[in-house]
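Before any comments, here is the structure.
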Amino acid sequence: PATLGMLGGGQLGRFFVAAAHEMGYKIWVLDPDPNSPAGLIADRHLQAAYDDYAALDVLAEGCAAVTTEFENVPADTLDYLAKFVPVRPGASAVAVCQNRIAEKSFLRDNGLPHGPFAVINVDADIAAAPASLYPAILKVARFGYDGKGQARVANAAEALHAFHAFKGEPCVLEQMLSLDYEVSVVLARDENGRVKCFPTVENRHTNGILDVSIAPARASACQRDAAQEYAERIAERLGFIGTLAVEFFVSRGELVVNEMAPRPHNSGHHTIDACVTSQYEQQVRALCGLPLGEARQHSASVMVNLLGELWYDGGEPHGRYREPDWSLLHAVPGLRLHLYAKHHARHGRKMGHFTVIGSDADDVLAKALAARQAIGIRGD
Ligand code: ATP
Ligand code: MG
Ligand code: MG
C-alpha cells in the first residue's frame, strides 16, 4: 500500500493516522517527541526535529505525499520536501496561517472581515497605534496556541510592558471585540479546487482554550452560510489543498475572521462521529488526489474537550494526576470518548474529548453538559 507522511505527532495527527489506516494507507510520522500520540500508532516514527534534513530525506524517499498537522512547521521544511514529493497544503498557504501579521494582511488584502489591528515590530509602533484599539490584546505573531503568547492590555503603557515581556518578538495588537459568540468552519479543498464544507460550528472558550463545540451552530442560517462562504473564499485565495479551519467571532451581530488553521481543527473533532466523512478522512483524500467525501452532518453533536485539570485530584499539599472514572461517560447513550494516549497530564493540556450525538440539538447539549459535570468539570 502507499505510504503517506505526516509532519507533527499530536492528536490531530493521531486521528489522521487512524483514518488513513482504515483507508488502507501506511503512515510515517515525523515528530521529535518519542511519546507523540500519532507516532505511537504510526507505521514508522521518525523522531527528529522539523528542520532535520536527513530525516526529511528519509520521509521524502519513503512517502508518496506529505501533509502536516502542526501549523508551526517551518515553511522551509515544506518547500524542501516539495522538491521531491507532493506536499499538501503547500508552504505558501501554511506560511500565511502561521504568522498573525501575514494572516491579518491576507484578510485585509482580500476584503475579508477582520477586527481593527496594528502590526508591532518596535516600541514606536505601539506609540503610533490608535488609542481606539484599547482595550486590546497583544499577540505574538508566531507560535501562539490555546491563548498562549497573548496579553490583555488596557493602554499603550501596558502594551509596551507586554511587548517587552514577549522579548520584542513581532506582534499584532488587536482591538478587544465584544463577542456575541464564536463559530468556526472546517472545509476540505482538493487539487481541482472543489470544496466540501462542514456545517458551521459554535465554539465556547474558557481561558482562551476551546471548551465546548456545538454543531451545527445555533447562529441564524444566513450567518452560518456567510461563514462558509468566507471560509471557501479564504481556501481559494490561499490555493489551499487539504483540510482548513477558519475561526470567526460574531461581534455585535457581525462576522469577523479571527484566525485560520492549515489543518484539521479541534472544533472539527465531532466530524468523526457526526458526519458522513470526517475532517481527517478528507485530509487523506485531498492528499491522495481522491474525490472528497460527503461532508453532511447526520446527527446533531456536542464536543467537550478534556483538559489536564480533570486528571488533577487537587489533594494537599501536592495533588496528583490520576485517571478519571471513564465508566461514567461510557454509561451515557450516544456519547463517544476519544483519549489521545498522552503520557503526562498537565493543566491546560488537551488529553482527550468526548462527543455526544443525537437527533435533537437541545437534548444533545443537555446530555453533554450533564456528562461533563458528572466527571467533575465545573459548569460555566
Ligand atoms: P487556538 O489556535 O488554540 O485557537 P490561539 O492561541 O491562536 O488559539 P486566538 O484564537 O487568537 O488564540 O484567541 C483565543 C481566544 O481568545 C479566542 O477564541 C477568543 O475567545 C479570545 N480572543 C482572542 N482575540 C480576541 C479579540 N480580539 N477580542 C475578543 N476576544 C478575543
Ligand atoms: Mg491559533
Ligand atoms: Mg484560535
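The values are calculated or read from the model by the stated rules, or taken from the named source; none is laboratory data. Bear in mind the structure is a predicted one, so any value in this text is a computation, not a measurement. As a convention, Cβ positions derive from the backbone with ideal geometry for all residues, glycine included, and neighbour counts pool all protein chains shown.
Filter the range 195-223 down to residues that are over 28 Å from Leu290 (Cβ atoms) and not hydroxyl-bearing (Ser, Thr, Tyr), then give me how many there are. Quick ask: steps written out before the conclusion?
Pass one, the range 195-223, residues over 28 Å from Leu290 (Cβ atoms): 202-212, 214, 217-223.
Now drop any that are not not hydroxyl-bearing (Ser, Thr, Tyr), which leaves 202-205, 207-212, 214, 217-219, 221-223.
Summing the residues that are over 28 Å from Leu290 (Cβ atoms) and not hydroxyl-bearing (Ser, Thr, Tyr) in the range 195-223 gives 17.
From the list Val87, Val94, exactly one residue is under 21 Å from Val17 (Cα atoms) and either touching a residue at least 24 places away in the same chain (Cβ under 8 Å) or of a type in the set (Phe, Trp, Tyr) (or both). Which is it? Outline the logic, then answer.
On the way: Val87 fails: either touching a residue at least 24 places away in the same chain (Cβ under 8 Å) or of a type in the set (Phe, Trp, Tyr) (or both).
The match here is Val94.
For the range 57-65, check the following and say yes or no: at least one residue is in a loop (DSSP other than H, G, I, E, B), of a type in the set (Asp, Glu) and away from ligand 1 (no atom under 16 Å from the Cβ).
First, pick out the residues of the range 57-65 that are in a loop (DSSP other than H, G, I, E, B): 63-64.
With the extra rule that they be of a type in the set (Asp, Glu), the set shrinks to none.
Looking through the range 57-65, none of the residues is in a loop (DSSP other than H, G, I, E, B), of a type in the set (Asp, Glu) and away from ligand 1 (no atom under 16 Å from the Cβ).
Scan the range 294-314 and report the pairs whose first residue is without any contact (Cβ under 8 Å) to a residue 12 or more places away in the chain and whose second residue is among the charged types (D, E, K, R) and surrounded by fewer than 23 Cβ atoms within 10 Å (Cβ to Cβ), with Cβ atoms within less than 7 Å and a gap of 6+ or a chain change.
Partner pairs satisfying both residue conditions: Asp313/Arg320; Asp313/Arg322.
What pairs can you find where one residue is in the range 33-47 and in contact (Cβ under 8 Å) with a residue 12 or more places away in the chain and farther than 17 Å from Ala19 by Cα, the other is assigned to a helix (DSSP H, G or I) and among the β-branched types (Val, Ile, Thr), and their Cβ atoms are less than 9 Å apart, with a gap of 6+ or different chains?
Between residues of the range 33-47 that are in contact (Cβ under 8 Å) with a residue 12 or more places away in the chain and farther than 17 Å from Ala19 by Cα and residues that are assigned to a helix (DSSP H, G or I) and among the β-branched types (Val, Ile, Thr), the close pairs are Leu46/Val58.
State all residues of the range 350-368 that are part of a strand (DSSP E or B) and small (Gly, Ala, Ser); if no residue qualifies, say none. Full working, then the answer.
Filtering the range 350-368 for residues part of a strand (DSSP E or B) gives 350-358.
Hits for the range 350-368 are Gly352, Gly358.
Which numbered condition in (1) in a helix (DSSP H, G or I); (2) in contact with a strand residue (DSSP E or B) (Cβ under 6 Å, 6 or more places away or on another chain); (3) under 17 Å from Val87 (Cα atoms) is the only one that Ile27 fails?
(1)
If we scan the range 68-79, do we find a residue that is away from ligand 2 (no atom under 16 Å from the Cβ), surrounded by 19 or more Cβ atoms within 10 Å (Cβ to Cβ) and closer than 23 Å to Gly242 by Cβ? So that I can check it myself, show each step before the final result.
Quick first cut of the range 68-79, residues away from ligand 2 (no atom under 16 Å from the Cβ) only: 74-79.
Applying the additional criterion that residues be surrounded by 19 or more Cβ atoms within 10 Å (Cβ to Cβ) yields 77-78.
Next cut, closer than 23 Å to Gly242 by Cβ only: 77-78.
So far as the range 68-79 goes, yes, one or more of its residues are away from ligand 2 (no atom under 16 Å from the Cβ), surrounded by 19 or more Cβ atoms within 10 Å (Cβ to Cβ) and closer than 23 Å to Gly242 by Cβ.
What strands (runs of 3 or more DSSP E), lying completely within the range 161-205, carry at least 1 residues that are surrounded by 24 or more Cβ atoms within 10 Å (Cβ to Cβ), within 16 Å of ligand 1 (Cβ to nearest atom) and among the aliphatic types (A, V, I, L, M)? Don't jump to the end; show me each part of the working.
Details: elements: 171-175, 181-189, 195-197.
Answer list for the range 161-205: 171-175, 181-189.
Of all residues in the range 182-208, which are in contact (Cβ under 8 Å) with a residue 40 or more places away in the chain and of a type in the set (Ser, Thr, Tyr)?
If the condition is that a residue be in contact (Cβ under 8 Å) with a residue 40 or more places away in the chain and of a type in the set (Ser, Thr, Tyr), then Ser184, Thr206 are the ones that fit.
In the range 98-113, is there at least one residue being within 16 Å of ligand 2 (Cβ to nearest atom), within 20 Å of Phe16 (Cα to Cα) and part of a loop (DSSP other than H, G, I, E, B)?
Filtering the range 98-113 for residues within 16 Å of ligand 2 (Cβ to nearest atom) gives 98-104, 106-107.
Then keep just the ones that are within 20 Å of Phe16 (Cα to Cα); that gives none.
For the range 98-113, residues within 16 Å of ligand 2 (Cβ to nearest atom), within 20 Å of Phe16 (Cα to Cα) and part of a loop (DSSP other than H, G, I, E, B): absent.
Hey, which of the strands (runs of 3 or more DSSP E) in the range 236-314, taking only ones fully inside, have at least 3 residues that are within 16 Å of ligand 3 (Cβ to nearest atom) and hydrophobic (A, V, I, L, M, F, W, C)? Step through it out loud before you land on a result.
On the way: elements: 242-251, 254-261, 300-307.
Strands (runs of 3 or more DSSP E) meeting the threshold: 242-251, 254-261.
Could you pull out the residue among Ala42, Ala49, Ala19 that is surrounded by fewer than 17 Cβ atoms within 10 Å (Cβ to Cβ) and either of a type in the set (Gly, Ala, Ser) or closer than 19 Å to Lys342 by Cα (or both)?
Details: Ala42 fails: surrounded by fewer than 17 Cβ atoms within 10 Å (Cβ to Cβ); Ala19 fails: surrounded by fewer than 17 Cβ atoms within 10 Å (Cβ to Cβ).
Among Ala42, Ala49, Ala19, only Ala49 is surrounded by fewer than 17 Cβ atoms within 10 Å (Cβ to Cβ) and either of a type in the set (Gly, Ala, Ser) or closer than 19 Å to Lys342 by Cα (or both).
With respect to Ala151, is the statement that it is touching an Asp or Glu at 6+ places or on another chain (Cβ under 9 Å) and within 16 Å of ligand 3 (Cβ to nearest atom) true? Steps first, answer last, please.
Working: touching an Asp or Glu at 6+ places or on another chain (Cβ under 9 Å): yes; within 16 Å of ligand 3 (Cβ to nearest atom): yes.
Yes: the conditions hold for Ala151.
Can you tell which of Ala231, Ala221, Ala235 is touching a Ser or Thr at 6+ places or on another chain (Cβ under 9 Å) and not assigned by TED's automatic domain parsing to the domain that holds Val73? Quick ask: steps written out before the conclusion?
Details: Ala221 fails: touching a Ser or Thr at 6+ places or on another chain (Cβ under 9 Å); Ala235 fails: touching a Ser or Thr at 6+ places or on another chain (Cβ under 9 Å).
When all the criteria are applied, what remains is Ala231.
Residues Asp125, Asp146, Asp109: which one is within 17 Å of Pro170 (Cα to Cα) and either exposed (fewer than 12 other Cβ atoms within 10 Å of the Cβ) or outside the structural domain of Asn266 (by TED's automatic domain parsing) (or both)?
Details: Asp146 fails: within 17 Å of Pro170 (Cα to Cα); Asp109 fails: within 17 Å of Pro170 (Cα to Cα).
From the options Asp125, Asp146, Asp109, the qualifying one is Asp125.
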